[in-house]
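Chemist: Below you will find the structure I want to go over with you.
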Protein chains: 2
Amino acid sequence: MMRVDEAIERLLQASHLRVETERTGLENAVGRVLADDLVSPLDVPPADNSAMDGYAFRHADWPGPDGELPLSQRITAGSVPGALSAASAARIFTGAETPPGADTVVMQEHCEETAQGVRILQRPAPGANIRRRGQDVRQGQVVLRRGHRLRPQDVGLAASLGLAELPVYRRLKVATIATGDELAEPGEKARPGQIYNSNRYLMHAQLSAWGFEVVDLGVARDTFDAVEAVMRQAAASADFIVTSGGVSVGEEDHVKGVVARLGALDLWKIAVKPGKPFAFGHVQGTPFIGLPGNPVSVFVTLLVIARGCLFASQGAADTRVRAVAGRAAFSRRETSREEYIRVRSTASGLELYSNQSSGALFSTCWSDGLVRQPSGMAIEEGDTVEYLPFQAFL
Amino acid sequence: MMRVDEAIERLLQASHLRVETERTGLENAVGRVLADDLVSPLDVPPADNSAMDGYAFRHADWPGPDGELPLSQRITAGSVPGALSAASAARIFTGAETPPGADTVVMQEHCEETAQGVRILQRPAPGANIRRRGQDVRQGQVVLRRGHRLRPQDVGLAASLGLAELPVYRRLKVATIATGDELAEPGEKARPGQIYNSNRYLMHAQLSAWGFEVVDLGVARDTFDAVEAVMRQAAASADFIVTSGGVSVGEEDHVKGVVARLGALDLWKIAVKPGKPFAFGHVQGTPFIGLPGNPVSVFVTLLVIARGCLFASQGAADTRVRAVAGRAAFSRRETSREEYIRVRSTASGLELYSNQSSGALFSTCWSDGLVRQPSGMAIEEGDTVEYLPFQAFL
């Protein structure tokens, strides 16, 4: 059996960028992947400016706590100051440019306005309360790297640099196909023997949440011709194909036969629970991942194994998921496969969901994350374990 | 000054549900807030079924490892089995219903098919490899609570229960207004004295990422009449109003005057850095939050202080953000206000961004989270600190 880290690594090795560059407005940029280094076209702030509401003056001009400086100008944010007259002070507000000649700002709380001007009761250090030009970002500085997935603050930064559009990779189109003749669709009445299709909606929801464009090709009916037709459609309309079900070695299923016929197919047994059977290959050059059929296996393998490969195909530079340390509030025997256990974080530690069956999708809803239990390693209550909150996979 | 936890608590106390219920299809459900408890209409699985590809039989019928059982039927997933004939076995596949009369499934790896039937080489325990009806979810069970924010796995679960639509709260409409006469818009050429508007885009990006419907009312020009007009528009078109800038006590700004005139205004000084000045109130009954003006203050107060109140207004039941323990790779003096320091997680611990100024938005882009430094408490390198990855705020 293949180790989990080996499977992830092999998928990453085989991945490459599948999408072109386009430009997007700031209002649609969150979650998109930068297609180029973002280089600042300007200094931020663009000029020395006041960090406070107060008075700008020349430090050497301070007349002592009892002396006064006449007020020579009033500078609000957005206005352009004149040079500071000798031995005077300028009323200034937060964000306003400091006038040429002033080297210090004193906050208004340390001053007293008088009929003649302003009394500076406490002398600040020279240069105090001035934000220097380029202090935040310098012109020419690379502020974000190609392959970075844009967060709200990154969009704010781009705006602060005057950029209204950003170069991003087109959204990866992921075609999804669920297999299984026993599947009824939600909203229909299930006939005896049928179960409701959850994988189709689970894949759609997770892939959409990741920002991919999902091409939902529904359920493949179990004939070679039907599967071949939908696979050709998937290869023609998407950048990536993800299926659920039908990848166990013993299973009768046309997906495997069609993929092998139209492209190439590797069937892996990954030493992971849930999720042992896993397929990888391509259909007429379009990469293909075949997830297992049980809903929890679909969910876990999508998060733990397929995610990195999909994000790499989308152009993302860093696809790692960071575990945090947690305290196990449960004990568990060692197992031969690496397990991804559904847990919930509580005041007393990470609690285990009672039913860890790969069919019990409710376990993933009850939980707020996974604990990775390495193969051959028991967990005792109180142990420090690797906890992967579901949010870490976003 | 008001403590951070007190500010959060006061906002939560004053919050109440601002939106009606609607129904959404599964494909648009992620991120939405459930408006009703989700009760399962059925048992999952709906009938006893096989967890394996193998053979279903009556445990008492086992003829020993050398004996054989004739194969009386073949049951694939989705088909309806007949009752099991006496002293026979049924070929069965994963997910297929077990036939009445069979109480055990043996995996195919432990069997050998013969000309006459099947030899069961290893006798499993009675009841083995059968998933019982209702084992995952029972009919009538509350699987998700009102106020839960739907994740991909929750959508998968709803599908598995046959539900094509879910009752959710309408998206909260949040009107945003940036203030400041010094602001140029990205894509324009900034005149001398101007800086680019980042708060408008930062607020839009963060509020959209949270699933709110943003009503972007742009920048309020600094006259009483202009501000009054935009505030009336905000109150009429949105469920919540968020502004940036102009809430310091000393600042000249019409937002405060207009809010006080049209509704009610509280100006708070919160013992937090960045983000001390903060306003709360309402405009003609529509709740109002006035964030500070510096971009980092906007970002931090939006995440740490405003977020819970906004989500409570959206109907979310649990608005807490969970910190994780991290190791400080830096030292920092104690301060009088609680600080939210921008840090990056590395192999040697949490590293501090060099410029923690509230004007330096780049600090939030360099970082992957915040460290909460309580007031009056120094941090020494190696200390365990409260780390809030940005993903925890999603």
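Chemist: Can we say B:Val258 is assigned by TED's automatic domain parsing to the domain that holds B:Phe278 and out of contact with any strand residue (DSSP E or B) (no Cβ under 6 Å at 6 or more places or on another chain)?
Modeler: Yes; evaluated as a whole, the condition is true for this residue.
Chemist: Name the one entry in B:Ser354, B:Ser358, B:Ser336 that is without any contact (Cβ under 8 Å) to a residue 12 or more places away in the chain, out of contact with any Asp or Glu (no Cβ under 8 Å at 6 or more places or on another chain) and either more than 14 Å from chain A (Cβ to nearest Cβ) or not in a strand (DSSP E or B) (or both).
Modeler: When all the criteria are applied, what remains is B:Ser354.
Chemist: Only one of (1) more than 14 Å from chain B (Cβ to nearest Cβ); (2) at pLDDT below 95; (3) within 24 Å of A:Ala47 (Cα to Cα) is not met by A:Thr104, so which one is it?
Modeler: If we test A:Thr104 against (1) more than 14 Å from chain B (Cβ to nearest Cβ); (2) at pLDDT below 95; (3) within 24 Å of A:Ala47 (Cα to Cα), just (2) comes out false.
Chemist: Quick check: anything in the stretch B:280-291 outside the structural domain of B:Arg149 (by TED's automatic domain parsing), in contact with an Asp or Glu (Cβ under 6 Å, 6 or more places away or on another chain) and not acidic (Asp, Glu)?
Modeler: Among the residues of the stretch B:280-291, at least one is outside the structural domain of B:Arg149 (by TED's automatic domain parsing), in contact with an Asp or Glu (Cβ under 6 Å, 6 or more places away or on another chain) and not acidic (Asp, Glu), which makes the answer yes.
Chemist: Would you please name the residue that is surrounded by the most Cβ atoms within 10 Å (Cβ to Cβ), looking only at residues in the stretch A:185-214 that are more than 7 Å from chain B (Cβ to nearest Cβ) and without any contact (Cβ under 8 Å) to a residue 40 or more places away in the chain?
Modeler: The qualifying residue surrounded by the most Cβ atoms within 10 Å (Cβ to Cβ) is A:Glu185.
Chemist: Can you spot a residue in the stretch A:375-387 that is under 29 Å from A:Gly211 (Cβ atoms) and within 14 Å of another protein chain (Cβ to nearest Cβ)?
Modeler: Looking for residues that are under 29 Å from A:Gly211 (Cβ atoms) and within 14 Å of another protein chain (Cβ to nearest Cβ), one finds at least one in the stretch A:375-387, hence yes.
Chemist: Looking at the stretch B:182-225, which of its residues are in a loop (DSSP other than H, G, I, E, B) and under 23 Å from B:Gly308 (Cβ atoms)?
Modeler: B:Trp210, B:Gly211, B:Phe212
Chemist: Step by step: first the residues of the stretch A:162-176, then only those that are assigned to a strand (DSSP E or B) and of a type in the set (D, E, K, R), then the one that is nearest to the other protein chains (Cβ to nearest Cβ). Which residue is that?
Modeler: Restricting to residues being assigned to a strand (DSSP E or B) and of a type in the set (D, E, K, R), the top hit is A:Glu165.
Chemist: Looking at B:Thr179 and the list (1) in contact (Cβ under 8 Å) with a residue 40 or more places away in the chain; (2) facing chain A (nearest Cβ under 8 Å); (3) under 17 Å from B:Arg221 (Cβ atoms), which single condition is not satisfied?
Modeler: (2)
Chemist: Working only within the stretch B:159-179, note down all residues that are in contact with a helix residue (DSSP H, G or I) (Cβ under 8 Å, 6 or more places away or on another chain) and within 28 Å of B:Phe240 (Cβ to Cβ).
Modeler: B:Glu165, B:Leu166, B:Leu172, B:Lys173, B:Val174, B:Ala175, B:Thr176, B:Ile177, B:Ala178, B:Thr179, listed by residue number.
Chemist: Something else now. Could you please let me know if B:Ala178 is in the same structural domain as B:Gln233 (by TED's automatic domain parsing), under 22 Å from A:Ala164 (Cα atoms), aliphatic (A, V, I, L, M) and surrounded by fewer than 19 Cβ atoms within 10 Å (Cβ to Cβ)?
Modeler: No; evaluated as a whole, the condition is false for this residue.
Chemist: Being surrounded by 19 or more Cβ atoms within 10 Å (Cβ to Cβ) and either among the aliphatic types (A, V, I, L, M) or in contact with a Cys (Cβ under 9 Å, 6 or more places away or on another chain) (or both) is the filter here, so list the residues in the stretch B:343-381 that pass it.
Modeler: Listed by number, the residues that qualify are B:Val343, B:Leu350, B:Leu352, B:Ala360, B:Leu361, B:Leu370, B:Val371, B:Ile379.
Chemist: Going by the conditions given, is B:Asp318 within 14 Å of another protein chain (Cβ to nearest Cβ), acidic (Asp, Glu) and touching a Ser or Thr at 6+ places or on another chain (Cβ under 9 Å)?
Modeler: For B:Asp318, the condition - within 14 Å of another protein chain (Cβ to nearest Cβ), acidic (Asp, Glu) and touching a Ser or Thr at 6+ places or on another chain (Cβ under 9 Å) - is not met.
The values are calculated or read from the model by the stated rules, or taken from the named source; none is laboratory data. Fair warning: this is a prediction, and the values are worked out from it, not measured in the lab. For neighbour counting, all protein chains shown are included, and Cβ atoms are generated from backbone atoms with ideal geometry for every residue, glycine included.
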